[in-house]
Amino acid sequence: MKIIKGRLIQAPKLGEILAYPNGGILLDEDGAILKVYETVPREAPCEVVDYGDRLIMQSFADMHLHGPQYPMLGMGMDLPLIEWLKTYAFKTESRFSDPEYARGVYRKLAHKLIANGTTRIAMFGSLHVDATLILMEELEKAGLTGYVGKVNMDRNNEPYLTETTEESERETLRWLDGCGRFRYIRPILTPRFTPSCTNGLMAFLGKLSAERRLPVQSHLSENENEMAWVHELHPDTTHYYQSYQKYGLWKKRALMAHCVHSDETERKAMKDAGVYLVHCADSNVNLASGVCPVRTFLNEGVNVVLGSDIAGGALLPMSQNIQETIKISKIHSIATKGKDAFLSVNEAYYLATTAAALYFEGGAGFEEGKKLHAIVVDDGSFCPATRPLSLQERFERAIYMMGESNIVAVYSEGRKVL
Ligand code: GUN
Ligand code: FE
């Protein structure tokens with residue numbers, strides 16, 4: 001047992017920050033939380049790891065990113081989605097047919113995620129099974145927790161990055177066979193998006209998801225041209241989501257990235273099915289996809305989490321994606337003349353932490369019985385303010401200003417990984 005002690009900050013509920021200036025967390029041998037102290041007792045019952053004046057906060061979750069797009073971070077921001085995929089993304093992903101190349105990139109990515117305080121992920125690999133297993137291995141070694149998917153894509157692709165239906169099915173099974181050795185990184189079925197997958201492949205994946213109780217992630221209603229294309233491919237549907245629903249891929253805990261243009265009917269279908277919106281604020285603007293009305297989703301009871309969408313998004317640190325989420329919500333609020341209230345720092349932080357932790361059956365804030373996911377932030381290098389700051393103020397400043405150098409320790413699933 002040990003206690004970690006410091007300025008404790010947690011977001012157990014949407015909009016609510018609990019801040020304990022002399023707080024601490026009692027952990028068992030496996031890093032599970034036994035008790036949260038508002039004030040650590042003077043006579044502690046065990047070893048105390050004292051982080052002094054530093055902030056102990058919940059670590060972040062990135063619930064949508066593309067591992068094999070990491071090498072093109074910050075490139076190609078001048079094109080809309082479909083053209084961007086063909087000009088940049090598919091070419092970059094095709095390099096991951098080379099396992100050695102994949103190893104180098106994925107090792108770097110895994111360490112950058114931890115260094116920036118991201119401990120939970122839901123990530124797309126590429127269609128390559130060997131590279132995707134390497135990605136899972138590198139994430140697990142670096143200390144991350146979560147889901148990774150081998151991407152399925154058997155139509156409307158470029159010749160250098162595609163698979164036949166038969167290959168896609170066979171390779172998915174081979175990939176799943178290889179996943180048994182991982183403890184913290186688990187498989188998630190990943191049809192790239194409806195235009196990339198034949199009906200036969202979608203039906204195969206839907207059946208597999210049901211048989212093996214595997215979760216699903218994909219893209220939904222990101223871009224208006226994409227949506228028109230889905231309608232051409234599935235003329236029997238009125239809404240994009242129905243192209244997943246037809247094949248058993250619209251189900252509880254499915255992660256759908258973007259949903260920028262999902263209307264009331266589609267949002268209700270999300271709520272009714274227990275499908276999650278993964279909001280990717282930076283990507284939605286970079287690719288000029290549109291502004292997602294996150295407040296409306298929240299008001300209507302849809303579960304919302306955040307994603308960087310690397311490399312449609314160009315920001316790996318989730319602290320920066322939180323800022324982007326807030327700013328885009330303010331633009332939306334301004335454009336709707338205040339009809340939709342913008343997201344507060346507290347709310348956006350909750351979406352990047354507890355909302356995703358609950359998806360993985362983790363805790364709401366630092367919850368007893370759950371494994372610790374936390375970062376320790378040293379804000380001592382920020383310019384001193386003109387007066388003493390409250391812990392809430394220090395928290396807000398940390399979200400806007402923290403960089404890798406400020407994150408001095410990271411705990412993931414109870415283990416100290418930095
Ligand atoms: N839709 C299908 N593939 C992709 C991708 O790689 N990135 C984004 N943002 N949208 C997609
Ligand atoms: Fe994406």
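The values are calculated or read from the model by the stated rules, or taken from the named source; none is laboratory data. What you are looking at is a predicted structure, and each value in this text was computed from that prediction instead of being measured. Cβ: placed from backbone, ideal geometry, glycine included. Neighbour counts: every protein chain shown.
Each residue in segment 317-347 was checked for being hydrophobic (A, V, I, L, M, F, W, C), more than 13 Å from the chain's Cα centre (by Cα) and under 19 Å from Y276 (Cβ atoms), and 2 pass. Identify all residues within segment 150-192 that are closer than 21 Å to L249 by Cα, charged (D, E, K, R) and touching a residue at least 24 places away in the same chain (Cβ under 8 Å); write none if there are none. K150, D154, R155, E163, E169, E171, R174, R186, R192, listed by residue number. Would you pick out the residues in segment 82-124 that are within 16 Å of E163 (Cα to Cα), in contact with a helix residue (DSSP H, G or I) (Cβ under 7 Å, 6 or more places away or on another chain) and in contact (Cβ under 8 Å) with a residue 60 or more places away in the chain? Within segment 82-124, just E93 meets the criteria. Scanning segment 281-331 for residues that are within 20 Å of P80 (Cα to Cα), in a helix (DSSP H, G or I) and of a type in the set (D, E, K, R) gives D282, E324. Output yes when any residue across segment 366-380 is touching a residue at least 12 places away in the same chain (Cβ under 8 Å), in a helix (DSSP H, G or I) and either over 23 Å from Q217 (Cα atoms) or in contact with a strand residue (DSSP E or B) (Cβ under 7 Å, 6 or more places away or on another chain) (or both), and no when none is. No, because not a single residue in segment 366-380 is touching a residue at least 12 places away in the same chain (Cβ under 8 Å), in a helix (DSSP H, G or I) and either over 23 Å from Q217 (Cα atoms) or in contact with a strand residue (DSSP E or B) (Cβ under 7 Å, 6 or more places away or on another chain) (or both).
Those residues that are crowded, with 24+ Cβ neighbours inside 10 Å and either within 15 Å of ligand 1 (Cβ to nearest atom) or outside any helix (DSSP H, G or I) (or both), I need them from segment 88-108; list them, please. Spell out the reasoning first.
Looking only at segment 88-108, we keep the residues that are crowded, with 24+ Cβ neighbours inside 10 Å, and these are 93, 96, 102, 106.
If the condition is that a residue be crowded, with 24+ Cβ neighbours inside 10 Å and either within 15 Å of ligand 1 (Cβ to nearest atom) or outside any helix (DSSP H, G or I) (or both), then E93, F96 are the ones that fit.
Scanning segment 280-304 for residues that are within 16 Å of ligand 1 (Cβ to nearest atom) and touching a Phe, Trp or Tyr at 6+ places or on another chain (Cβ under 8 Å) yields a single hit, L287.
Summed over segment 281-314, residues that are more than 16 Å from ligand 2 (Cβ to nearest atom) and touching a Cys at 6+ places or on another chain (Cβ under 9 Å) total 2. Of the strands (runs of 3 or more DSSP E) entirely within segment 182-280, those holding at least 1 residues that are within 16 Å of ligand 2 (Cβ to nearest atom) occupy 217-220, 255-258, 276-279. Within the set L127, L85, L113, L139, the sole residue that is at pLDDT 95 or above and either outside any helix (DSSP H, G or I) or polar (S, T, N, Q) (or both) turns out to be L127.
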